[in-house]
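Read-outs: derived from the displayed coordinates by stated rules, not from any lab. The structure displayed is predicted, hence computed values, not measured ones. Cβ placement follows ideal geometry from the backbone for every residue including glycine, while neighbour counts extend to all protein chains displayed.
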Amino acid sequence: MKKKRNRAQIILELINNNCIASQGELCKMLENRGIEVTQATLSRDLKTLRATKVATDKGTYMYMIPDSNEVHNKMLEHGQTTSSVASHAGPTSIEFSGNFAVIKTRNGYATGLAYDIDMSHSDEILGTIAGADTVFAILREGVTHEQARLFFENFISYKED
């Protein structure tokens, strides 16, 4: 178990400090650190860490780990946020159409923002779908756009469109 935990810590460090486009590239970086891992094991590790591949502004892809530490998750589950939640989203905008909200973020930030919104278990939002720079949120029946805006202020600072 300790070996898996150490490998996970190194994977987190590598992903957070490098632009890694593939599992093969990550595998080579791990080998350079003296860690030999099969593709299947690496794939399971990435899933456990909730790593996702996002598009970069250069037309390539890179792995990203959403902000998901236990304290942060517990705060979100109880409807509390920290200033770091709002700041990680970067410049954003929001538009509504019926029961849908479309939230624009900086490239690569949508997955983490959607995760934070989902972890809040709010009464206003049914769920989210994230792309690289867009979060699609479904509002519950009866939730007004103003109520949704107030809810989203817990997570993002946005300019009105």
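Annotations
- The calculated FRET efficiency for Ala40 paired with Arg140, based on their beta-carbon distance and R0 = 35 Å, is about 0.30.
- Amide H contacts under 5 Å for Leu139, placed H, 5+ residues apart: Phe100, Ala101, Leu126
- Entries in Lys3/Lys53; Lys4/Lys58; Lys58/Lys104; Lys2/Lys28; Lys4/Lys53; Lys3/Lys58 that, when Cα-Cα distance is taken, lie over 30 Å: Lys4/Lys58; Lys3/Lys58
- Between Leu126 and Lys47, the modelled label-to-label distance comes to 2.7 nm, taking each label 7 Å out from Cα in the direction of the beta carbon.
- A simple rule links phi to the HN-Hα coupling: the Karplus curve 6.51 cos²θ - 1.76 cosθ + 1.60 with θ = phi - 60°, which for the stretch 22-29 gives 8, 5, x, 5, 5, 4, 5, 5 Hz, with x for Gly and Pro.
- Our coupling estimate for the stretch 118-133, obtained by passing each phi through the Karplus curve with A = 6.51, B = -1.76, C = 1.60 and θ = phi - 60°, is 5, 5, 6, 6, 6, 7, 8, 10, 6, x, 9, 10, 10, x, 6, 9 Hz, Gly and Pro reported as x.
- In Å, descending, principal axis extents of the Cα set of the stretch 90-136: 27, 23, 15
- With K and R counted +1 and D and E -1, the other residues having a Cβ less than 14 Å from that of Phe151 yield a net charge of -4.
- In terms of packing, defined here as the mean over residues of other Cβ atoms within 10 angstrom, the peptides 17-23, 109-115 line up highest first as 109-115, 17-23.
- Neighbours of Val135 by Cβ distance under 13 Å: Lys/Arg scored +1, Asp/Glu scored -1, total -2.
- Linear extension gain, Thr60 paired with Arg33, 0.36 nm per residue minus alpha-carbon span: 7.2 nm
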